[in-house]
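Undergrad: Dumping the structure here so I can ask a few things about it.
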Amino acid sequence: MLKNKLTSAILLAGLTISSAHAFEFHFQQALGEDMAGQNDGGFSELLPLLVKSSMADLDNDGDLDIWFMLNEIWLNDGQGKFIKSDKGPDVEKDGFFIKLTDIDNDGDIDVAVNREVYLNDGQANYTLGAPLLDQDNEEKESLLILDLVDLDNDEKLDVVTLTVRDTIGVFLNQGNNKYSKIINNDLTLSDDFAIFAKVGTFADVDNDGDLDVWLPSTKDTTPMLLFNDGQGHFTESAQKDFFISLATSNGVTIATTKIAVGDIDNDGDIDAWVTSALSLEEGAPAHVLINDGKGVFTELAQNFDVILSTTDAQLSDVDNDGDLDALEVSLSTTVPAQGDFREMVLTIWLNDGTGHFTNSHKDNIKGFFGTKINMGDFNKDGIQDMIVGDQIWFGGVDPENSGLCDWAEKRFPQFFPKRAPDLVSGNWEYRYYPSVKTYIGVETVQDKIFVLGDVFNGLIEVGNKKEMLELSKKP
């Protein structure tokens, strides 16, 4: 039987037609110099700054482009290849804060770098506009921009700031770059640790149609969930003691370094993934908080590994199964040699659809404290890709392996008829053809090609990947 041959051959062991998944999880890494199709020596040398990046369709061509914290623009060709543009504005200082959004409401993506605003002409050509909070205000030079969000639902971006007194300020946009400050709404935050982790996660937590905000904790403060009344006035959640307990380990206050939000359990409301750390050298497990739909949270018990300080976390459906998975970038336990950067670790947790997670992927990556994760479909194949630091990872199978299967279908249609979907299982990337009950697959550790089916009298190794790639290029 075919099932027994699969199991005994170890090819796609344990898989049957009914248990095969259309997509599991596989990222293909592409280093920065390769993604640009050139090597100008820039990516690795500029790593500490490149780790902070943002993505949006900057040139209005329907794909995601990159704005690096260096204020460099990398435009996507639509297939996930990024080429450095010469259109980037001349920004004198790197920005702690960077936001890609339509600031002037003209339908394209503008950029705020700190208080400076750069307006897009729709083709990723940027010119300097009026700065944020450009009014007579004795505090304006002491303000650090934290975010631009519409707090009062008037379709204008309001400004949330951090002052030198470590308080949160809210400035409502009145139009024409005029703002009104919310009186008695300065909320004490904390120190640079929380700032580095990117302060404030905005989402409609209580389902009342406006944006609320989570604030992380540090060693000196506790995490806060603040509810918006729709006019930019905030009140603290009654669950203060519960959130304090999340930031306490054996009586010691710990930092909640990142709060990522999304519908984790698929019930239509906003849940939270909260990461924490005792220090840069002492980690703490993440927490999964489930929302009752009204902004009241309970913790869903998990069996998480304890990892070192997390610099970013994101929720995204990486395995295309309809639920949100979790990705974290954290410090490696390996102490670097003097003068070297600390390695980072990328960990991916897969969701079973009910909010229970399993660790499926862990890799050491190049990075720097502050490394950010950007998720999106870069090559428009319907699968989530990501950028971590200066590395691009593609969701789905290795394009070379997929290309070999395409070639086999064209060259040998009697064995591999029509276009079959790519499948992934462990170290195997393969396709299955139910009409003839055949498989073709690549074992990715040794890069060997196999076919399987009764027509082949079982399992056959047909060659290594390098040989097959060369063969596929011949007429």
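The values are calculated or read from the model by the stated rules, or taken from the named source; none is laboratory data. All figures in this text were calculated on a predicted structure; none of them were measured in a lab. When we count neighbours, we look across all protein chains shown, and the Cβ atoms used for this are built from the backbone with ideal geometry, even at glycine. All accessible areas refer to the heavy atoms of the entire protein, side chains included, with ligands and DNA or RNA removed. Shrake-Rupley method; radii C 1.70, N 1.55, O 1.52, S 1.80 Å.
Undergrad: Quick one: what are the phi-derived ³J(HN,Hα) couplings along segment 395-408, Karplus 6.51/-1.76/1.60 with θ = phi - 60°, whole Hz, x for glycine and proline?
TA: For segment 395-408, the Karplus curve yields x, x, 8, 4, x, 5, 5, 5, x, 5, 5, 4, 4, 4 Hz.
Undergrad: What list of ³J(HN,Hα) couplings, whole Hz, do you get for segment 291-299 from phi and the Karplus terms 6.51, -1.76, 1.60, once you set θ to phi - 60° and write x for glycine and proline?
TA: 8, 8, x, 10, x, 9, 10, 10, 8
Undergrad: Keeping all protein chains in the complex and leaving out DNA, RNA and ligands, what accessible area do you get for residue 86 with a 1.4 Å probe, in Å² to the nearest 10?
TA: Result for residue 86: roughly 150 Å² accessible.
Undergrad: How would 371, 358 line up by accessible area, probe 1.4 Å, largest first?
TA: Solvent-accessible surface, decreasing: 358, 371.
Undergrad: Can you give me the long-range amide H partners of residue 147? Hydrogens built in the peptide plane at 1.01 Å from N, cutoff under 5 Å, separation of 5 or more residues or another chain.
TA: 160
Undergrad: For residue 467, what charge total do you get from the other residues with a beta carbon under 15 Å from its beta carbon, if Lys and Arg give +1 and Asp and Glu give -1?
TA: Counting the neighbours of residue 467, the net charge comes to +1.
Undergrad: How many angstrom separate the Cα center of segment 202-218 from the Cα center of segment 376-415?
TA: Going from one Cα centre to the other spans 37 Å.
Undergrad: Carbon and sulfur together cover what percent of the accessible area of segment 396-443 at a 1.4 Å probe radius?
TA: 57 percent
Undergrad: If ligands, DNA and RNA are left out, what is the accessible area of residue 149 with a 1.4 Å probe, given in Å² to the nearest 10?
TA: Residue 149 exposes around 10 Å² with every protein chain in place.
Undergrad: Would you tally the net charge around residue 172, using a Cβ to Cβ cut-off of less than 10 Å, leaving residue 172 out, and scoring K and R as +1, D and E as -1?
TA: Its environment carries a net charge of -1.
Undergrad: Ok, one more. In terms of modelled amide H atoms, which long-range or inter-chain residues lie less than 5 Å from the amide H of residue 344?
TA: Excluding prolines and chain starts, which carry no amide H, the hits are 332, 365, 367.
Undergrad: Just by accessible area at a 1.4 angstrom probe, what is the order of 100, 452 from largest to smallest?
TA: 100, 452
Undergrad: Quick one: putting +1 on the C-beta of Lys and Arg, -1 on the C-beta of Asp and Glu, what dipole do you get for segment 345-475 around its Cα centre, in Debye to the nearest 20?
TA: 260 debye
Undergrad: Here's something else I'd like to know. With every protein chain kept in the model, how would you rank 113, 445 by accessible area, 1.4 Å probe, largest at the top?
TA: Largest accessible area first, the residues go 445, 113.
Undergrad: Further question on the same structure: I'd like to check one number: the per residue accessible area of segment 408-475, probe 1.4 Å, reported in Å² as a whole number.
TA: Value for segment 408-475: 59 Å² per residue.
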